[in-house]
Structures are given as C-alpha cells and as structure tokens.
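Read the figures in this text as sums done on the coordinates, not as results from a lab. Fair warning: this is a prediction, and the values are worked out from it, not measured in the lab. Virtual Cβ from ideal backbone geometry, glycine too; neighbours counted across all protein chains shown.
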Amino acid sequence: MKLILLGAPGAGKGTQAEVICDKLAIPAISTGNILREAMKNGTEMGRKAKSYIDSGALVPDDVIINIIKERLAADDCKNGFILDGVPRTVAQAEALEEMGVEIDKVVDIEVSDDTIVKRLSGRRVCSACGASYHTLYKPSALPDRCDRCNGQLIVRKDDEPATILERLRTYHELTEPLVDFYKERGKLVVVEGQEEVADTSRLLLEKLGV
Ligand code: ADP
Ligand code: ZN
C-alpha cells in the first residue's frame, strides 16, 4: 500500500505513521526526519534547510523532491510506503504524479489549531534517535530521557511558540490545498484526531480497512 499522511504540524502524523508501519510492514518516510538528520550531520543539504526549518517556513520544493526521488528508489519501498509530512505543497504532489508514483490513499488527520498549539508546545524529541514524546500525552519513563536509547530529550527549535504559529500559517496557506487536490482524485480519507493516540490509530486503521 502506498499512503500519504496529511495534517497540520503536530496532528500526530509521525506517531500514526509508526503504527501503520508496524501493522503493514512498510517503511515510514518522514522528510522532516531526513532533514533533521542532515542538519545534525552538517551536510550541505542540512545547512541549506536549517534557516527555513528554524523559522517555520517550508524547505524549497526542489530540495524535497530530490530527497523523495532518492528515497523512493530504495529497495524497501518496493511493496509500499507511508509518506509522513510530504507532499506539503501542490508542486510536490504534482512532482510525485510526474514520477509515476501511484498513491492508494491519502489520510488527512484533522486537528483544530488550538489543539495543535497545545500539543506542539509539549512535544519533546530525542536528540540522539529522533523518537517523539509529549509531556502530557506520551511522557517518557524518565524525565528528559528517551525510553528507546536513553538520549537527552529536547524541545525542537521549531516547536517554540512564535514558530508554531508561523508553521500553522504555512500549513493553511500551502499544505491544506492538498486536501482538495486528493479529494478530487478520489483518494482522500479523513480521520478526526482524537484525544488519545490509540483511538486515532484505531479509527485510521478501520478507515484504511487494514
Ligand atoms: P511537523 O509535521 O511537526 O511540522 P516535520 O518534522 O514534518 O514536522 O517537518 C519539520 C520542518 O521540516 C517543516 O516545518 C519544514 O520546514 C521542513 N519540511 C519537512 N517536510 C517538508 C516538505 N515536504 N516540504 C517542505 N518542507 C518540509
Ligand atoms: Zn532516543
């Protein structure tokens, strides 16, 4: 199955991508994680992306399209994949079509802006492995330590309050049009984000029929 997860920043795309990934044994591909890894390693792409990411803007389409082309060509994508956080603009969605990628379904996880702000401000990520936590909804066992690798948990720079508002603005302006884009193509599945992560997962898997 070839899936896209749509939704505002903090809608829980990453968490749900992991659930689907476990269930269907297909890789979850997050451009956000790929970009953060590149920034951590100080590659040229990482250096280029950093100022955009830190200010809450989108990284230019050509950078993203290159990442995705390369990643989808890998062997583990043969039986399907979940795209988490990409496409994020109509140009990226069109590029996927031009590449001949046949998407089966696009899941839009809908969450209100108020909830987004609450969620993102509590988000913590592992500085070592990138695992995601939340002070209220998904706390780590030890304070500020990753359950998976014991790495230090930090607040992402782009989860600071002013940047959160900018990311939401960007989402409404550039990414939300993809909801109609995929509705017109008959691929859209809407899942209402629930208070509990597990409830959203259950609805999502139900709607995908898996
Ligand atoms: P979130 O979904 O919580 O915003 P991501 O980890 O998906 O977080 O993305 C973090 C940042 O990386 C975005 O704010 C953006 O700057 C950049 N980014 C990730 N994916 C894309 C994309 N497909 N197109 C443009 N920029 C992207
Ligand atoms: Zn970790």
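Given the pairs Lys48/Lys78; Lys50/Lys183; Lys78/Lys105; Lys23/Lys157; Lys2/Lys50; Lys69/Lys105, which span a C-alpha to C-alpha distance of over 24 angstrom in this model? Mind dumping the intermediate values first?
On the way: Lys48/Lys78 30 Å; Lys50/Lys183 32 Å; Lys78/Lys105 17 Å; Lys23/Lys157 31 Å; Lys2/Lys50 29 Å; Lys69/Lys105 19 Å.
Over 24 Å apart, Cα to Cα: Lys48/Lys78; Lys50/Lys183; Lys23/Lys157; Lys2/Lys50.
Which percentage, to the nearest 5, of the DSSP beta bridges contained in the chain is antiparallel?
Roughly 30 percent of the beta bridges in the chain run antiparallel, per DSSP.
Provide the per-residue ³J(HN,Hα) series for the stretch 180-197, in order, calculated from phi with Karplus coefficients 6.51, -1.76, 1.60 and θ = phi - 60°, each as a whole number of Hz, with x at glycine and proline positions.
Along the stretch 180-197, the couplings run 5, 3, 7, 5, 4, 8, x, 10, 7, 10, 9, 10, 7, x, 9, 4, 9, 3 Hz.
Hey, what's the Cα Rg ratio for the chain versus the globular rule of thumb, 2.2 N^0.38 Å?
0.97
Could you give me the percent of Cα pairs per 10 Å distance bin for the stretch 74-173, shortest bin first, beginning at zero and ending with the bin that holds the maximum distance?
Taking every Cα pair in the stretch 74-173, the percentages come to 13, 33, 32, 21, 1.
Report relative contact order for the chain in percent, whole number only (criteria: Cα-Cα under 8 Å, sequence separation at least 6).
This gives 30 percent for the chain.
Give the dimensionless ratio obtained when the Cα radius of gyration of the stretch 41-125 is divided by 2.2 N^0.38 Å.
Details: Rg = 15.1 Å, N = 85, 2.2 N^0.38 = 11.9 Å.
My calculation over the Cα atoms of the stretch 41-125 gives 1.27.
So the label point goes 7 Å from the Cα of Asp104 along Cα→C-beta, right? Which residues of the stretch 166-210 then have their backbone N under 11 Å from it?
It comes to 208-210, nothing else.
Please report, in Å, the Rg and the Dmax of the stretch 21-66, where both are computed over Cα atoms only.
So, for the stretch 21-66, Rg and Dmax equal 12.3, 36 Å respectively.
Provide the per-residue ³J(HN,Hα) series for the stretch 22-37, in order, calculated from phi with Karplus coefficients 6.51, -1.76, 1.60 and θ = phi - 60°, each as a whole number of Hz, with x at glycine and proline positions.
5, 5, 9, 6, 10, x, 9, 10, 10, 5, x, 5, 4, 5, 5, 4
Provide the gained length on full extension for the span Ala57 to Asp147, in nm with one decimal, where the gain is 0.36 nm per separating residue minus the Cα-Cα distance.
Fully extending the segment from Ala57 to Asp147 adds 29.4 nm.
Within the chain, what is the longest stretch that has no GluC sites (Glu not before Pro) placed in a DSSP loop and near at most 14 other beta-carbon atoms within 10 Å?
Values: sites that count: Glu102, Glu195, Glu196.
The reported range is 1-101.
For Glu110, enumerate residues with amide H under 5 Å from its amide H, sequence gap 5+ or separate chain, H modeled in the peptide plane.
Counting only residues 5 or more places away or on other chains, the set is Val191, Glu192, Gly193.
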